[in-house]
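S.K.: Structure incoming, see below.
The values are calculated or read from the model by the stated rules, or taken from the named source; none is laboratory data. Predicted, not measured: the structure shown is a model, and the values here were computed from it. Cβ sites come from the backbone with ideal geometry, for glycine too, and all protein chains shown count toward neighbours.
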Amino acid sequence: MKPPAWAQLVLWAVAGENQAEFVAGDLHEEFLLLCAERGPSAGSRWYARQVLRSAATLVGLRFRSGEAAHLAAAALIAVAMPLVLLDRLWSFVYSHIPLKDGLERAPGFWAANVVCVCACAAICGSLAHTQARAAGVAAAAAVGAACALWCSAATEPWLYAGLVILAAPASSMAVFAWRGSR
Amino acid sequence: MKWVKRIAIVLAVLLIVPIATLLVLGQRKGAGLAQTSVEINAAPDQVWAWLDDNGKLKQWISWMVDAKDADPAKPHGIGSKRIWTMKDENNGGMLMEIAGTYSEYAPPSRLTLQIADKEGMFHGESSYRLVDLGGGRTRVEVKLRAHYTEWFANLMEPVITPAAEKKLAMDVGHLKRLVEAKAELR
């Protein structure tokens, strides 16, 4: 019997190396008991609720231990900064159009942003040595990407924004998994 | 160490490949030239008014907030100056003045302006040619050639020019709709 994978991933992402194992162990014991008493779906719902309710506290603990601060800094440098710099670059390009142009970017510019974000997030993922750290890096990459999108001067399509926020953690985790498999 | 090398290679590729591509594309024949044309269901003199009148210019060139003659006493013609003020939201909403000097003025068929922005970022030529197709129809051909003075803008020219061309086509499409709407009202 296994708890929902997404909830486990969120737990690893928010709890950090110091807490994740203990918290996951305690939750798993309770989860098995609940599954035996009320069935697997009730156990899964309880597990997901517990993870979501304790997320804020676990992030707070992680920040106090200094680990989350490093992750946040890494995500800012590796994902948010390149995106912000690219946004500034495209603004520079558009401000040089003789008769000026709007805040909508050509699809090629959005594609370049996505490629750059994926490459930078993948580099971050390749540097993570443990699953907890990789999950943390992935979550921080998604937050970094969201912050960069928020700061952007351009009018972003929803599809692009969603793609960036998903592609950053996905490429980070993919490279971590690929590296682990070798 | 192996991973550091791989990361360094990825970063180098991310920088070197685009820069090399931009340098090569910057050498192409039509570098800096944006052009478009449109056929309008109106006579050349009706279209000409939209190119010549400062108030009308603001209606079809997006992001233009003001258009005026440098010397209102001097009529439009070769050597006279026109000042365009553009609002640049890509530069924090800054107002940017572009000065245009007429180098060709032949109503209702040809109009060419030598343009330069006050910041000294670019200079170039903007020309409009109206071809009478007969039966109250006109083909408007617009060409915009720009030279960038900053090295970085010059490097980015292959990216700037297609965006400028897209904007030009959008404005000319807007002009067509406005002229045809007014022509129908007459």
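S.K.: Hey, could you check segment B:141-164 for residues that are closer than 19 Å to A:Ser91 by Cβ and loosely packed, with under 15 Cβ neighbours inside 10 Å and say which is nearest to the chain's Cα centre (by Cα)? If you could, list the steps in order and put the result at the bottom.
M.R.: Our first condition is that a residue be closer than 19 Å to A:Ser91 by Cβ; within segment B:141-164, this holds for B:146, B:148-164.
Then drop every residue that is not loosely packed, with under 15 Cβ neighbours inside 10 Å, which leaves B:149-152, B:162.
Numbers: B:Thr149: 17, B:Glu150: 18, B:Trp151: 20, B:Phe152: 20, B:Pro162: 11 Å.
By that ranking, first place goes to B:Pro162.
S.K.: Considering every residue within segment A:51-72, establish whether at least one is charged (D, E, K, R), closer than 30 Å to B:Glu165 by Cβ and at pLDDT 80 or above.
M.R.: Looking only at segment A:51-72, we keep the residues that are charged (D, E, K, R), and these are A:53, A:62, A:64, A:67.
So of that shortlist, the ones also closer than 30 Å to B:Glu165 by Cβ come out as none.
Looking for residues that are charged (D, E, K, R), closer than 30 Å to B:Glu165 by Cβ and at pLDDT 80 or above, one finds none in segment A:51-72, hence no.
S.K.: Another question, if that's okay. Return the pairs, sorted by first residue and then second, in which the second residue is in a helix (DSSP H, G or I) and among the polar types (S, T, N, Q), the first residue lies in segment B:29-45 and is under 18 Å from B:Lys176 (Cα atoms) and touching a residue at least 12 places away in the same chain (Cβ under 8 Å), the beta carbons are less than 9 Å apart, and the residues are 6+ apart or on different chains.
M.R.: Short answer, once both residue conditions are applied: B:Ile40/B:Gln46.
S.K.: Just for segment B:122-140: of the residues that are under 12 Å from the mean Cα position of the chain (by Cα) and in contact (Cβ under 8 Å) with a residue 40 or more places away in the chain, which one is farthest from the other protein chains (Cβ to nearest Cβ)? Before you say what the answer is, go through the steps one by one.
M.R.: Going through segment B:122-140, the residues under 12 Å from the mean Cα position of the chain (by Cα) turn out to be B:122-128.
If we keep only those that are in contact (Cβ under 8 Å) with a residue 40 or more places away in the chain too, we end up with B:124, B:128.
Values: B:Gly124: 6, B:Tyr128: 13 Å.
For segment B:122-140, the residue satisfying everything is B:Tyr128.
S.K.: Scan segment A:115-129 and tell me whether some residue there is within 13 Å of another protein chain (Cβ to nearest Cβ), assigned to a loop (DSSP other than H, G, I, E, B) and more than 27 Å from B:Leu33 (Cα to Cα).
M.R.: To start, the set of residues in segment A:115-129 that are within 13 Å of another protein chain (Cβ to nearest Cβ) comprises A:115-129.
Among the residues that remain, those that are also assigned to a loop (DSSP other than H, G, I, E, B) are: A:128-129.
Within this subset, residues satisfying the condition of being more than 27 Å from B:Leu33 (Cα to Cα) are A:128-129.
Yes, the conditions are met somewhere in segment A:115-129.
S.K.: Report yes if A:Ala48 is over 29 Å from B:Ala169 (Cα atoms), assigned by TED's automatic domain parsing to the domain that holds A:Ala134 and either basic (Lys, Arg) or out of contact with any Leu (no Cβ under 8 Å at 6 or more places or on another chain) (or both), otherwise no. Steps first, please.
M.R.: Numbers: over 29 Å from B:Ala169 (Cα atoms): yes; assigned by TED's automatic domain parsing to the domain that holds A:Ala134: no; either basic (Lys, Arg) or out of contact with any Leu (no Cβ under 8 Å at 6 or more places or on another chain) (or both): yes.
For A:Ala48, the condition - over 29 Å from B:Ala169 (Cα atoms), assigned by TED's automatic domain parsing to the domain that holds A:Ala134 and either basic (Lys, Arg) or out of contact with any Leu (no Cβ under 8 Å at 6 or more places or on another chain) (or both) - is not met.
S.K.: Of (1) part of a helix (DSSP H, G or I); (2) away from every other protein chain (no Cβ under 13 Å); (3) of a type outside the set (A, V, I, L, M), B:Lys58 satisfies all except one. Which?
M.R.: (2)
S.K.: Another question about this same structure. From the residues in segment B:25-55 that are within 15 Å of B:Ile160 (Cα to Cα) and either aliphatic (A, V, I, L, M) or more than 14 Å from chain A (Cβ to nearest Cβ) (or both), which one is surrounded by the most Cβ atoms within 10 Å (Cβ to Cβ)?
M.R.: Narrowing segment B:25-55 to residues within 15 Å of B:Ile160 (Cα to Cα): B:25-28, B:30-35.
Filter once more, so that each one left must be either aliphatic (A, V, I, L, M) or more than 14 Å from chain A (Cβ to nearest Cβ) (or both): B:25, B:27-28, B:30-31, B:33-34.
Working: B:Leu25: 14, B:Gln27: 8, B:Arg28: 12, B:Gly30: 10, B:Ala31: 15, B:Leu33: 16, B:Ala34: 25.
For segment B:25-55, the residue satisfying everything is B:Ala34.
S.K.: State the number of residues belonging to segment B:109-129 that are closer than 15 Å to B:Ser80 by Cα and touching a helix residue (DSSP H, G or I) at 6+ places or on another chain (Cβ under 8 Å).
M.R.: Within segment B:109-129, residues that are closer than 15 Å to B:Ser80 by Cα and touching a helix residue (DSSP H, G or I) at 6+ places or on another chain (Cβ under 8 Å) number 1.
S.K.: Considering only segment A:78-113, state which residues are surrounded by fewer than 17 Cβ atoms within 10 Å (Cβ to Cβ), more than 9 Å from every other protein chain (Cβ to nearest Cβ) and part of a helix (DSSP H, G or I).
M.R.: A:Met81, A:Leu85, A:Arg88, A:Pro107, A:Ala111
S.K.: Just give me the residues in segment B:70-102 being within 30 Å of A:Asp87 (Cα to Cα) and not in a strand (DSSP E or B), in sequence order.
M.R.: Selection gives B:Glu89, B:Asn90, B:Asn91, B:Gly92, B:Gly93.
S.K.: To continue, here is another question. State whether the residues of segment A:54-62 include one that is without any contact (Cβ under 8 Å) to a residue 24 or more places away in the chain, within 14 Å of chain B (Cβ to nearest Cβ) and among the hydroxyl-bearing types (Ser, Thr, Tyr). If you could, list the steps in order and put the result at the bottom.
M.R.: Step one: filter segment A:54-62 for residues without any contact (Cβ under 8 Å) to a residue 24 or more places away in the chain, giving A:56-57, A:60.
After this cut, where a residue has to be within 14 Å of chain B (Cβ to nearest Cβ) as well, the list is none.
No: segment A:54-62 contains no residue that is without any contact (Cβ under 8 Å) to a residue 24 or more places away in the chain, within 14 Å of chain B (Cβ to nearest Cβ) and among the hydroxyl-bearing types (Ser, Thr, Tyr).
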